[in-house]
Every structure is written in C-alpha cells, then in structure tokens.
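Every number in this text was worked out from the coordinates using simple rules, so none of it is lab data. All values reported here derive from a predicted model rather than from experimental measurement. Here the Cβ positions follow ideal geometry from the backbone for every residue, glycine too, while neighbour counts run over all protein chains shown.
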Amino acid sequence: MSSTETAILQKILTSLAGQQVSDLHLRVGSQPVIRRDGELEVLANEDIITADFLQVVLGILLTESQRATLESEKQITVGHTFMNRMRLRVTVFYQRGLPEIAIRFIPGNLKSLRELGLPPMFERLVAADRGLIIIAGGYGHGRTTTLASCLQTINQNQLKHIITIEEPIEYVLVSDKAIIDQREVGVDALSWEEAVEILPNEDADVVAFSRLNNHTTSASALSLALGGKLVFVVVEAESCVQAVEQLIAGFPAESRPVMRSKLADGLLGILVQKLVPRVGGGRILVAELLIATPAVRALIHDSKDHQLTNILLTSREEGMVAFDRSLAELVKTGEVMQEVALAHALDPEVFKSILRR
C-alpha cells in the first residue's frame, strides 16, 4: 500500500470535513467531485484519479472480506471509520469495467431533534412507548441523521433496550441510559430475513430499520409495532401519502388489505423531510408530519390515502404539518427564496394559496 496515495486520500478527506460537503466521488479519469449544499462541484486543484490510486483507496476503505464481496457482487456499501475519527458511508460499484467510489460524510456531532428543525410534535411521538414511526424523504435529505437523533434522544432519557438493523451502520451510538445493539446486515446477520427473524425473541423496547428491504421486513415492522414495541423505519418517499402507498404496494396483492389494517392500527406518525437551499447558503430542513389520529387511521384503513393531504392542511392545531405550508412559512420569514420554494412544492397551487394568506 503506497504511503503517497494514502497521504493524498487523507489530505482530501480531512480538508473536506466540516465544509458542508456531504459526498465525495472518485472515478478513474476524472478529478474528485464533491456535493456541497446539494450541488456537484469539481475539485479543480486535485489530480486526475488513476486506476492505481483507486485500488489503494479500496485497500484502505474495505476489509479483505468486503473486497471479496465487491469482486463477486460488483457493488458494496459499508460503514468505515477513517483514521479513527471520521465516519464514512462508502459505496463502491463498477461502471464500464472500472470501480467508482461514492463516499458520504457522516457528521461527527449528532444534533438534537430540535436542532435539526423538526416539528415539536415529532418529539412527542419519539417519546411514545409503542407504535410505528415512518421517517421518509429522498436520498441525501437527512433521513438517517433524523433516525439516529431519535434513537439518541431515547438513549439519553430512557432505560430502554434499542436494537437497530442497518445496512450499513452509519452513526455508531454509545449506550447511555439505554442498552443499544446495532446489527449490520452482512456482518452481524447474513441477510435481512435472518436479522428480522430473531427480533421477536430479543427483548427489545425499541427497534429501528435503516430501510424496508422487502415485504418480510415491512411485515416484521408492523407486527413489532402492534406487539408493543416502538418501531422506526426509513423509507424513500416525497410525501406522507406516497409513504403509505409505497409501503402497502410492497406487499403481495392478496395480503395488502390485512397489512393496510395493521398499518392503520399500529401507526403513530409519518415524518417526511427535504433539504432545500437556504438564503445565504447551506440548506434548511422542510418537514411534513402526519399524526395517526382516528380520522387518519380510518382513511388508511379504507384505502382513501389521497384524502390525507386535506387532513394535513386542516389539522394544524393537532400538531400536523403540511409540507407546502412549511415551505410557505420559510418564504415569509425570509429563509427560502419564493422561486426556490415553488420549485420544491408538492402542489404549487396550494403553496401559492398559502403564501397569499
């Protein structure tokens, strides 16, 4: 392993830490590319990446067994602690026969739910003893950070047994008042199916899934929530309505009515979040929060998901937050430009009508 290439990688990573950079892309024939505040940016002062350099980087970031997995499956995503102080999510895949590396920087200091800018009612959901909490949004919009902050909040305040099933582990949590067991698929369990199979026997109070890998995982999450556990799941969805529809669509058609009933009974709430450009630089979190009131449960049970949007817009006093209302309020306070907000609105006409009030 070349000390020169190692020094170059260390220089790049340490220089980017703390600069609002979320991702680093390394590909043969190109200079390193970063994502800052949601936008790609070429590191013009760095040399063009060579195949030899990339092989050295792979030797640093992956273990021998992970290298073997990469060779056999042609892709892998792992968690890595660089220089014992920098936590990274590393994804390696092939394009045109050559490996490419995408590195995500995991913030070292985990913010509280309030510091993240989440709705106050969401903190009350996190303090519940049982039920299902869905954390939704697009890739790169802070879902994993929010999940980790939820678990850390419980860890700091309650004597609970927390079990996570992750692929990979991004935030490494240290037990405080709670007992925390973080299990990584591919390391601590051979598959998602194996990881969830043993959960009912592990005496957990809180269970968290970094994603719903398949309908088996989704069914396990619903059963655990109905069985008295507090369950967190992360899904990719742009709205609360979409989150419900996608979760149910993941089940075989014949089991959807039963699973819809279980979701209606076990749901606590759905949080959707998106990071949008902020005036003056950086990004700000915009949230949508659906609380599982009797009316919400009835709509989900009766497959009237499209009516949930109206509930969100008319139930502000119950702690619910509509995404377009959140956007409009940020425009009114001068934190987001109106044209930027309009580009991100779920329903531009609804957004504009709220803004006029």
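Of the peptides 266-272, 313-319, how do they stack up when ordered by the mean number of other Cβ atoms within 10 Å, highest first? Display every interim value, and only then the final one.
Numbers: 266-272: 24.6, 313-319: 13.1.
So the peptides 266-272, 313-319, ranked by packing, come out 266-272, 313-319.
For the residue pair residue 187 and residue 302, what label-to-label distance in nm results when each label sits 7 Å from Cα along the Cα-to-beta-carbon direction?
If labels sit at residue 187 and residue 302, their model points lie 4.7 nm apart.
Expected output is a single nm value to one decimal: the length gained when fully extending between residue 179 and residue 115, i.e. 0.36 nm times separation in residues minus the C-alpha distance. What is it? Walk me through the numbers on the way to the answer.
Details: separation 64, 0.36 × 64 = 23.04 nm, distance 2.42 nm.
Extra length available between residue 179 and residue 115 comes to 20.6 nm.
Output the peptides 337-344, 233-240, 30-37 sorted from most to least packed, where packing is the average of other Cβ atoms within 10 Å over each peptide's residues. Present the calculation step by step, with values, prior to reporting the outcome.
On the way: 337-344: 15.6, 233-240: 21.1, 30-37: 17.1.
Final packing ranking: 233-240, 30-37, 337-344.
Along the Cα-to-C-beta direction of residue 278, a point sits 7 Å from the Cα; which residues of region 317-357 have their amide N less than 12 Å from that point?
It comes to 335-336, nothing else.
Can you give the Rg/Rh ratio of region 124-225, where Rg is from the C-alpha atoms and Rh is the Kirkwood radius? Walk me through the numbers before you get to the answer.
Details: Rg = 12.8 Å, Rh = 13.9 Å.
Rounded to two decimals, Rg/Rh equals 0.92.
If you place +1 on the Cβ of every Lys and Arg, -1 on the Cβ of every Asp and Glu, and leave all else neutral, what size is the dipole of the chain about its Cα centre, to the nearest 20 Debye? Could the numbers behind the result be given before it?
Working: 35 positive and 44 negative charges, 180 e Å.
The dipole magnitude comes to about 860 debye.
Go through region 293-299 residue by residue and turn each phi into a ³J(HN,Hα) via Karplus (6.51, -1.76, 1.60, θ = phi - 60°); whole Hz please, and just put x for glycine and proline.
Along region 293-299, the couplings run 6, x, 5, 5, 4, 5, 5 Hz.
What is the angle, in °, between the Cα long axis of helix 3-16 and the longest principal axis of the Cα atoms in the chain? Nearest 10 is fine, range 0 to 90.
Approximately 30 degrees, to the nearest 10.
Compute the length gained on full extension between residue 65 and residue 10: take 0.36 nm times their separation in residues and subtract their Cα-Cα distance, giving the result in nm to one decimal. Don't jump to the answer; show the numbers that get you there.
Numbers: separation 55, 0.36 × 55 = 19.80 nm, distance 2.30 nm.
17.5 nm is the gain from fully extending residue 65 to residue 10.
With contacts defined as alpha carbon pairs under 8 Å and 6 or more residues apart, what's the relative contact order of region 3-106 in percent? Walk me through the numbers before you get to the answer.
On the way: 163 pairs, mean separation 25.7, N = 104.
The normalised contact order for region 3-106 reaches 25 percent.
I'd like the projected area of the chain, averaged over all directions, using the convex hull of its alpha carbons. Report it in nm² with one decimal. If you can, show how the numbers build up before the last one.
Values: hull surface 76.6 nm².
Taking the Cα atoms of the chain, their convex hull projects to 19.2 nm² on average.
Any idea what the relative contact order of the chain is, in percent, if you count C-alpha pairs under 8 Å spaced at least 6 apart? All intermediate terms of the calculation are to be shown ahead of the outcome.
On the way: 637 pairs, mean separation 45.9, N = 357.
Over the chain, the number comes to 13 percent.
Tilt of helix 256-266 relative to the longest C-alpha principal axis of the chain, in degrees (0 to 90, nearest 10)?
Rounded to the nearest ten degrees, it is 80.
Under the rule of -39500 (n - 2.57) per DSSP H run of 4 or more residues, summed and divided by the residues of the chain, what mean residue ellipticity at 222 nm is obtained, to the nearest 500 deg cm²/dmol? Don't skip to the end; give the middle numbers.
Values: 15 runs with 141 residues, N = 357.
Helix-only estimate at 222 nm: -11500 deg cm²/dmol.
Whole percent per 5 Å bin, from 0 to the bin with the longest distance: what is P(r) over all C-alpha pairs of region 89-142?
Result returned by the calculation: 4, 12, 16, 19, 15, 11, 9, 6, 5, 3.
Full-extension gain between residue 42 and residue 17, please, as 0.36 nm times their residue separation minus the C-alpha to C-alpha distance. Walk me through the intermediate numbers first.
Numbers: separation 25, 0.36 × 25 = 9.00 nm, distance 1.61 nm.
Fully extending the segment from residue 42 to residue 17 adds 7.4 nm.
Report P(r) for region 193-284: all Cα-Cα distances, bin width 5 Å, range 0 to the bin holding the largest distance, values in whole percent.
In whole percents, the pair-distance histogram is 2, 12, 23, 22, 17, 9, 6, 5, 3, 1, 0.
Would you mind computing the Rg to Rh ratio of region 113-321 from its alpha-carbon coordinates, Kirkwood style for Rh? Let's see the in-between values first.
On the way: Rg = 16.3 Å, Rh = 17.3 Å.
Here the Rg-to-Rh quotient is 0.95.
Tell me, how many Å apart are the Cα centres for region 102-160 and for region 303-357?
The two parts, judged by their Cα centres, are 22 Å apart.
What angle, in degrees between 0 and 90 and rounded to the nearest 10, separates the Cα long axis of helix 64-73 from the longest principal axis of the Cα atoms of the chain?
That helix lies at roughly 70 degrees to the long axis.
Can you list residues from other chains, or at least 5 along the same chain, whose modelled amide H is less than 5 Å from the amide H of residue 180?
Result for residue 180 returns 162, 175.
What do you get for Rg/Rh over region 3-106 if you use C-alpha atoms and the Kirkwood form of Rh? Before the final figure, lay out the partial values.
Details: Rg = 12.9 Å, Rh = 13.9 Å.
My calculation of the ratio gives 0.93.
Binning at 5 Å from 0, report for region 246-357 what percent of all alpha-carbon pair distances ends up in each bin.
With a bin width of 5 Å, the distribution comes to 2, 11, 20, 19, 16, 12, 10, 6, 3, 1, 0.
When only C-alpha pairs under 8 Å and at least 6 residues apart count, what is the relative contact order of region 113-321, in percent?
Working: 380 pairs, mean separation 51.6, N = 209.
The value is 25 percent.
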